[in-house]
Amino acid sequence: MSRKGPPQHQARKRFGQNFLHDAGVIDRIVGSIAPRPDDNLVEIGPGMGALSEPLLTLNPRLQMIELDRDLIPGLRAQFFNYPELTIHEGDALRFDYRSIAADGPLRIVGNLPYNISTPLIFHLLDFRDVIKDMHFMLQKEVVERMAAAPGDSNWGRLAIMTQYYCQVIPLFTVGSGAFRPAPKVESAVVRLVPHAELPCPARDPDLLAQVVRTAFSARRKTLRKGLFSLMQDEDWQQVGLDPGLRPQNLSLADFVTLANHLYLSNQE
Ligand code: SAM
C-alpha cells in the first residue's frame, strides 16, 4: 500500500531524506506510539508529513522540528487546518527540548535522518528528565547495537550508554521498500524509555563514558591491556573483576563499578 504525499521535493541526501510511503508501516508506527490528545508530542524531521498527518489527527498540538527550510512552506500548506500545530524551523541536534516541556513531559518521535541518529540520541539523553519516551525509525543495525546484551558481538558504547539512561525496546523491522528513495539498508523502529531512576548510577557519568570508550577502542584486547592507562593491577584486585576478560564480557553494572572505583581513587 502506498500513500501519496505532497510531490515536487527532490530528496536531499545531506539531510538524510528517505520519505516513508508505505501506509501499513506508517499505521504500525503510529499504533506503537499510540498518541493521546493531551500528550506533549514532538516529531523530529517531519519531511513531507507522512507520519505527521496521522499523528495530527490524534494529537492536534503536535510540535515539529525540521531543518530543511524548503519543506516548511509545504508543511504549513498541508496542515493549515491544524491551528495548534507548531513548526520549529531548525536543527534537532541543537534544539533546547527543555524549552518546550512546560506543558508536560515530551513524547518524541521521528523517522530520523540516519546520518545524525546517534549524536541526536546522545543530545536527547541530556534532556531525559523532561522526556517520557521516544519512538524512532533507525538503521536496523543501530537498533541492534543499542539493544545488545553483554557477550553479544555488538555490545559496546552505544548499548551501554543508551541502556545506562533508558530502557531500549526494539519493536519491528522495516524493509527499504517502505521509503522513497529506498535506503541501502534495512530499518527498525525502537522505543526508548528514560529510566525514572538510574538502575546503576555512576558517580561521574563522563568518567563512565571515558572508561567505556577506552575499553571498546581496544575491543579485542584484554581489559588489563585495553584499560592500562586507567587501571593498574591493584585497582583490578580492589574492584574484584578479572582483567583477563574482554570488554564485551562486562555488564553495564561492571563498567559502573570500574568508573566509580576510578572516581573514588581520583578523590584520594
Ligand atoms: N518523517 C518523514 C518521513 O517519514 O517520510 C521524513 C523522514 S527523513 C528520513 C528525515 C527528515 O529529517 C527529513 O525531513 C530531513 O529534512 C529532516 N532532518 C535532517 N536533519 C535534521 C536535523 N538536524 N534537524 C531536524 N530535522 C532534520
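The values are calculated or read from the model by the stated rules, or taken from the named source; none is laboratory data. On a predicted model such as this, the values are computed, not experimentally measured, just so you know. Cβ atoms come from the backbone with ideal geometry, glycine included; neighbour counts cover every protein chain shown. Accessible surface is based on the protein model in full, side chains and every heavy atom, while ligands, DNA and RNA are left aside. Shrake-Rupley method; radii C 1.70, N 1.55, O 1.52, S 1.80 Å.
Taking one quarter of the surface of the C-alpha convex hull of the range 162-230 gives a mean projected area of 7.3 nm².
Binning all Cα-Cα separations of the range 205-267 at 5 Å, short to long from zero, yields these whole-percent fractions: 4, 20, 35, 30, 10, 1, 0.
Computed with a 1.4 Å probe on the full set of protein chains, the accessible area for residue 161 sits at about 10 Å². List the lysines whose alpha-carbon lies under 25 Å from that of residue 184, not counting same-chain residues fewer than 8 positions away? Straight-line reach from residue 184, under 25 Å: 4, 13, 140. Residues whose amide H lies under 5 Å from that of residue 171, counting only those 5 or more places away or on a different chain, are 189, 190, 191; hydrogens are built 1.01 Å from N in the peptide plane. The C-alpha radius of gyration of the chain, expressed as a fraction of 2.2 N^0.38 Å, stands at 1.13. Computed across the range 8-156, the Kirkwood radius stands at 16.0 Å (inverse of mean 1/r, all Cα pairs). Can you give the % of DSSP beta bridges in the chain that are antiparallel, to the nearest 5? The antiparallel fraction comes to roughly 50 percent. For the range 32-47, 3J(HN,Hα) computed residue by residue from phi via the Karplus equation (6.51, -1.76, 1.60; θ = phi - 60°) reads 5, 6, 6, x, 10, x, 8, 5, 8, 8, 10, 10, 8, x, x, x Hz, glycine and proline entered as x.
Among 190, 130, 185, the order of accessible area from largest down is 185, 130, 190, computed with a 1.4 Å probe on protein heavy atoms. Only helices enter the 222 nm calculation for the chain: every DSSP H run of n ≥ 4 contributes -39,500 (n - 2.57), and dividing by all residues gives -9500 deg cm²/dmol, rounded to 500.
For 212, 193, the ranking by accessible surface with the largest value first comes to 193, 212, using a 1.4 Å probe. Taking Cα centre as origin and charging only the Cβ of basic (Lys, Arg, +1) and acidic (Asp, Glu, -1) residues, the dipole magnitude of the range 5-146 rounds to 240 debye. Our note on the geometry: Cα centres of the range 46-120 and the range 190-246, 36 Å apart. Between the Cα long axis of helix 252-267 and the first principal axis of the chain there is an angle of about 60°, rounded to the nearest 10.
Mind checking the range 64-160 for chymotrypsin sites (Phe, Trp or Tyr not before Pro) that DSSP puts in a loop (not H, G, I, E or B) and that have at most 12 other Cβ atoms within 10 Å? Filter output for the range 64-160: 80.
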